[in-house]
Amino acid sequence: MYRFSYAEVIEDSSAECRQREFELFEQAIKLMKGAAGRPAQSQEMIEAIVFVQRLWTFLIKDLGHPDNGLPDKLKGQLISIGLWVMRESDRVIRGEQKSLEALIDINAMIQEGLK
């Protein structure tokens with residue numbers, strides 16, 4: 001019979017969530033790199049931006065949930081980054097911003113923080 005403490009289960013669950021988030025950022029970055037240099041309305045660009053926006057929509061919603069255990073200051077900072085990502089990705093789709101470099105960089109920094 002296996003016996004696990006609550007702390008062990010929570011720690012494992014947290015580690016698994018971080019790993020999934022890391023992989024989602026990896027996918028977002030891969031899609032954006034593949035779309036870099038493509039026209040704003042290309043299939044590659046739309047797929048990349050939709051993925052990034054869905055990822056950040058989920059993260060912002062999770063960060064705003066009362067059960068999220070991160071410190072309030074960190075949650076606020078991450079929400080601010082997420083809102084910037086959403087605005088910047090909208091600019092890309094509208095053709096106002098041609099480069100994905102800033103979006104790739106900020107998402108890579110967040111991904112690095114998940115290690």
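Among residues belonging to the stretch 40-63 that are in contact (Cβ under 8 Å) with a residue 40 or more places away in the chain and outside any helix (DSSP H, G or I), point out the one that is surrounded by the fewest Cβ atoms within 10 Å (Cβ to Cβ). Steps first, please.
First, the residues of the stretch 40-63 that are in contact (Cβ under 8 Å) with a residue 40 or more places away in the chain: 40-41, 45-46, 48-49, 52.
From what's left, outside any helix (DSSP H, G or I): 40-41.
Numbers: ALA40: 16, GLN41: 10.
Restricting to residues being in contact (Cβ under 8 Å) with a residue 40 or more places away in the chain and outside any helix (DSSP H, G or I), the top hit is GLN41.
One residue stands out in the stretch 1-27 among those that are part of a helix (DSSP H, G or I) and of a type in the set (Ser, Thr, Tyr): the one that is modelled with the highest pLDDT, namely SER14.
Would you be able to say whether some residue in the stretch 66-82 is of a type in the set (A, V, I, L, M), modelled with pLDDT under 95 and not in a helix (DSSP H, G or I)? The answer is yes; a qualifying residue exists.
What about ASN107, is it assigned to a loop (DSSP other than H, G, I, E, B) and either without any contact (Cβ under 8 Å) to a residue 60 or more places away in the chain or surrounded by 12 or more Cβ atoms within 10 Å (Cβ to Cβ) (or both)?
Details: assigned to a loop (DSSP other than H, G, I, E, B): no; either without any contact (Cβ under 8 Å) to a residue 60 or more places away in the chain or surrounded by 12 or more Cβ atoms within 10 Å (Cβ to Cβ) (or both): yes.
Criteria not met by ASN107.
Confirm whether ARG38 is touching a helix residue (DSSP H, G or I) at 6+ places or on another chain (Cβ under 8 Å), among the basic types (Lys, Arg) and modelled with pLDDT of 95 or more. Explain how you work it out, then say what you get.
Values: touching a helix residue (DSSP H, G or I) at 6+ places or on another chain (Cβ under 8 Å): yes; among the basic types (Lys, Arg): yes; modelled with pLDDT of 95 or more: yes.
Answer is yes for this residue.
Screening ILE93 on (1) surrounded by 13 or more Cβ atoms within 10 Å (Cβ to Cβ); (2) under 16 Å from GLY113 (Cβ atoms) shows it passes everything except condition (2). If the condition is being among the basic types (Lys, Arg) and closer than 16 Å to GLU101 by Cα, then the stretch 35-64 contributes only ARG38.
The values are calculated or read from the model by the stated rules, or taken from the named source; none is laboratory data. Keep in mind the model is a prediction, meaning the values are calculated, not measured. Reconstructed Cβ throughout: ideal geometry from the backbone, glycine too, with neighbour counts over all protein chains shown.
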